[in-house]
Amino acid sequence: LPLALPAEAADSLPSPSPSSTPWSAVSADGGAVPTPSAVRSRIDDLAQQKSLKKSGVVVVDPGTDQVLYGKQVSRALVPASVTKILTAAAAVEVLGASTRLATRTTEQANVVYLIGGGDATLPRSLASDAQPNGPASLRRLARSTATALGGTTKVDVVFDDSLFTGRPLGPGWAKRFPNAGVAAPVSALMIDQGRKSRSSRARVADPAKRAAQVFANILENRGVSVGRVSRGRAPDSAKELAMVESATVGEMVQRTLTESDNDVAESLGHLVGKGLLNDGSFAGGARATSQVLSRAGIDTQDLALFDGSGLSPRNRVSPVTIADVLTDVATERRWTELAQGLAVAGVTGTLANRFTTKATSSGRGVVRAKTGTLTGVAALAGIVIDADKRPIVFAIIGNNITSQARARDTMDRIASQLAKCGCSS
C-alpha cells in the first residue's frame with residue numbers, strides 16, 4: 001500500500017499537468033530511436049546508487065523491443081503493488097474490459113437470496129438511489145427487491161458469497177491488514193469495501209455477512225419483515241428479483257492502477273481464476289494470471305504469484321516481465337486500458353504527491369506509472385514520453401530497501417531523466 005510522504009521542498013515549480021501530447025497521438029515507432037549508450041549515460045549513476053543496491057532496472061524501447069538499459073533484468077524480486085499491472089492485464093484478457101459485475105437477488109419459498117458477483121466497489125448507498133437507472137448500490141438493490149416481492153411481507157435472507165473460495169487473506173498477508181485498513185478479507189459480496197463504517201479504514205472480519213445484515217435492515221425499512229439471515233447457496237431454480245451492475249472491468253482496472261486499490265485488485269484476480277480455471281481463489285487467480293501472460297508471449301520464467309494485489313511478500317517478479325506487459329500496452333498490441341490507469345506523475349493517484357523536486361520536475365505530467373511499496377520494497381514501473389515524443393518503458397524493483405524516501409527519489413529521478421532525454425544520440 002503506497003504511503004504518502006511529505007514532498008521535498010522545492011523552488012517554484014509549474015503546476016503539474018498531463019503531457020500536452022495526447023496518449024493516442026504518441027506512436028511507439030515515432031520520434032528518434034533512442035540508443036542504449038545515450039540512455040546509460042543518463043541513468044546509470046542513479047541506477048547504481050546505494051539506495052537501489054538490491055534492485056532490478058530495465059528500460060525498453062517498445063517500438064523496437066530493444067533493451068536500452070538493464071541491471072539484473074531477470075532477477076526475481078518482491079514486486080509489491082506493481083503486481084497489479086499483471087492482474088489488470090489478465091482481467092482485461094479473461095473478463096473483457098466492457099464486462100460489468102452483477103450483484104443479484106432471487107427468491108424461492110419466501111427466502112430471498114443475496115448473491116455476490118465479485119463487485120468490490122459496491123457501496124451501501126448513494127445520493128442518487130432515488131433516481132431510476134442510477135449507479136449500483138446495496139440500497140438500490142434492496143429497494144428493487146422489496147418492490148419485486150410484490151406484496152410478500154415476511155422473508156428469510158440467505159447470502160451467497162460462494163463465487164470465491166479458499167482463505168479470505170492472501171498467503172503471507174499480515175493478520176493486521178484488515179484492521180489496519182490495508183485490505184478487506186476477500187469476498188464475492190461486500191459493501192463499502194468491507195469497512196466497519198464509511199469514516200473508518202478498518203475492515204470487518206466477514207464482509208458478506210455485514211452486507212447481508214445491512215440488506216436485511218433496508219428491506220425492513222421498506223416494509224418487508226426479515227427473519228433469519230444466514231449464509232448459503234442460491235438454488236438455480238429460484239426466481240430472479242433484482243440486479244445491480246458495477247462499473248466496467250476496464251474502469252475497475254483503471255481504479256486499481258491509479259489508486260493501487262487492493263480490494264478491487266483481489267476481486268479481479270479471483271474473477272480471473274474463476275473465469276479461466278473455475279477456481280475463484282488466491283491460488284486460482286495466480287495460476288490463471290500466469291497462464292494468460294505466458295500465452296501472450298510474456299516472459300514468465302521467473303514469475304511466482306500468490307495474490308493479485310502484491311501484498312504477499314512471497315510474490316516474485318522480474319523487471320523484464322513487467323516491462324514485457326507494458327511494452328504491449330505502449331504499442332497497443334493489447335491491454336490498452338492499462339495505459340489510462342497508470343498514475344500520472346505529480347497529478348493523479350499514488351503519484352500525485354511525487355515528482356515535486358527540481359530534479360524530478362521533467363517527469364511531472366509525462367510519466368505514467370504504477371508504484372509499489374511494502375516493508376523493504378519499493379518499485380516503479382510505467383511508460384514515459386521522452387523529449388522526442390517517443391514512449392519508453394521502464395521497470396524498477398528494489399528490495400532490501402532501508403529508506404523508502406531515498407529509493408523513491410532515485411526512482412523518480414530515473415524516470416525524469418528518461419522524460420527529458422533526447423536519447424537518440
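Condition check: buried (at least 23 other Cβ atoms within 10 Å of the Cβ) and assigned by TED's automatic domain parsing to the domain that holds THR106. Does LEU122 satisfy that?
yes
Within the set of pairs 6 or more residues apart or between chains, which connect a residue that is closer than 17 Å to GLU245 by Cβ inside segment 140-160 to a residue that is polar (S, T, N, Q) with Cβ atoms less than 7 Å apart?
Final answer for the pair search is LEU141/THR103; LEU141/THR105; THR145/THR105.
Looking for something surrounded by 24 or more Cβ atoms within 10 Å (Cβ to Cβ), assigned by TED's automatic domain parsing to the domain that holds ALA345, of a type in the set (S, T, N, Q) and not in a helix (DSSP H, G or I) - is there at least one such residue anywhere in segment 264-277?
Checked segment 264-277: no residue is surrounded by 24 or more Cβ atoms within 10 Å (Cβ to Cβ), assigned by TED's automatic domain parsing to the domain that holds ALA345, of a type in the set (S, T, N, Q) and not in a helix (DSSP H, G or I).
Buried (at least 18 other Cβ atoms within 10 Å of the Cβ) and under 23 Å from the mean Cα position of the chain (by Cα), is that true of ARG203?
Taking the combined requirement at face value, the residue satisfies it.
Out of the residues in segment 147-190 that are buried (at least 16 other Cβ atoms within 10 Å of the Cβ) and of a type in the set (D, E, K, R), state the one that is farthest from SER281 (Cα to Cα).
Of everything passing the filter in segment 147-190, ASP156 is farthest from SER281 (Cα to Cα).
In segment 345-377, which residues are over 15 Å from GLU259 (Cα atoms) and surrounded by 23 or more Cβ atoms within 10 Å (Cβ to Cβ)?
Within segment 345-377, PHE355, THR360, GLY363, ARG364, VAL366, VAL367, VAL377 meet the criteria.
Is it the case that some residue within segment 294-316 is crowded, with 24+ Cβ neighbours inside 10 Å, in the same structural domain as LEU52 (by TED's automatic domain parsing), under 20 Å from ALA47 (Cα atoms) and of a type in the set (A, V, I, L, M)?
Within segment 294-316 (the criterion being crowded, with 24+ Cβ neighbours inside 10 Å, in the same structural domain as LEU52 (by TED's automatic domain parsing), under 20 Å from ALA47 (Cα atoms) and of a type in the set (A, V, I, L, M)), the answer is no, since none of the residues qualifies.
Basic (Lys, Arg), out of contact with any Lys or Arg (no Cβ under 6 Å at 6 or more places or on another chain), within 20 Å of TRP173 (Cβ to Cβ) and not in a loop (DSSP other than H, G, I, E, B): is that true of ARG287 in this structure?
The answer is yes for ARG287.
Out of ALA330, ALA286, report the one residue that is of a type in the set (A, V, I, L, M) and either surrounded by fewer than 19 Cβ atoms within 10 Å (Cβ to Cβ) or touching a Phe, Trp or Tyr at 6+ places or on another chain (Cβ under 7 Å) (or both).
Result: ALA286 is the single residue among ALA330, ALA286 that is of a type in the set (A, V, I, L, M) and either surrounded by fewer than 19 Cβ atoms within 10 Å (Cβ to Cβ) or touching a Phe, Trp or Tyr at 6+ places or on another chain (Cβ under 7 Å) (or both).
Applying the selection to segment 219-253, what residues are farther than 13 Å from VAL112 by Cα, surrounded by 20 or more Cβ atoms within 10 Å (Cβ to Cβ) and β-branched (Val, Ile, Thr)?
Residues satisfying the conditions are VAL244, VAL249, VAL253.
The values are calculated or read from the model by the stated rules, or taken from the named source; none is laboratory data. These numbers come from a predicted model, not from an experiment. Note: ideal-geometry Cβ built from the backbone for every residue, glycine included; neighbour counts use all protein chains shown.
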